[in-house]
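One structure is given below, encoded as structure tokens.
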Amino acid sequence: LQPDPSLAASDSKKRKRKEKREKKEDKEPRELSGYNKFMRTQLNALKETNPELGHKEAFKLATEKWATSPDNPKNAAQQGDESGKKPSESAEGRENEDEDKEKEEEEKEEEAAESQEACAAAAEDGDAAVKPEEVVAECS
């Protein structure tokens with residue numbers, strides 16, 4: 001007697017399914033998206049304030065709030081923030097950019113002051129041939 005090939009195939013399928021299930025159990029769950037976090041907090045808040053409200057109605061109200069929420073990346077993009085980040089995140093980014101610009105301006109001012117001092121010193125010496133090329137270029 002030969003074994004039934006259909007039984008062998010089903011055993012193989014069961015083994016593969018079991019392996020997949022084990023792989024899924026080993027993985028850590030992904031971090032929730034902004035939408036999922038928002039919906040979780042809103043649903044909990046709505047159910048606390050309105051316990052008689054059914055899940056379907058609460059979910060509908062929460063999705064309406066999401067449409068106008070500043071946490072929604074689409075709203076952030078519509079408000080002039082092309083990055084699609086939350087306004088709080090983009091505000092931090094703007095603060096960092098402002099700080100960087102201020103530092104650059106301060107450095108430029110320091111360089112300008114140093115070059116003016118070098119030009120003044122070179123003018124006092126009166127000998128352009130002895131001056132370094134950089135000083136001559138800056139003073140021109």
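The values are calculated or read from the model by the stated rules, or taken from the named source; none is laboratory data. In this text, all values refer to a predicted model and were calculated from it rather than measured experimentally. Ligands, DNA and RNA are stripped out before the accessible areas are found, and what is left, the full protein with its side chains, is counted by its heavy atoms. Shrake-Rupley method; radii C 1.70, N 1.55, O 1.52, S 1.80 Å.
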(message) Could you report the accessible area of residue 49 in Å², rounded to 10, computed with a 1.4 Å probe on the protein chains as they sit in the structure?
(response) 100
(request) Compute, for residue 100, the solvent-accessible surface of its heavy atoms (probe 1.4 Å) with the complete set of protein chains present, and express it in square angstrom to the nearest 10. (result) 80
(request) Kindly flag which residue pairs out of 74/101; 37/60; 37/74 have an alpha-carbon separation exceeding 24 Å in this structure. (result) 74/101
(message) Per 0.36 nm of contour for each residue apart, how much would the distance between residue 16 and residue 107 grow if the chain were fully extended, relative to their Cα-Cα spacing?
(response) 26.4 nm
(message) Suppose the chain between residue 119 and residue 49 were pulled fully straight at 0.36 nm per residue; how much longer would it get relative to their current alpha carbon spacing?
(response) 17.9 nm
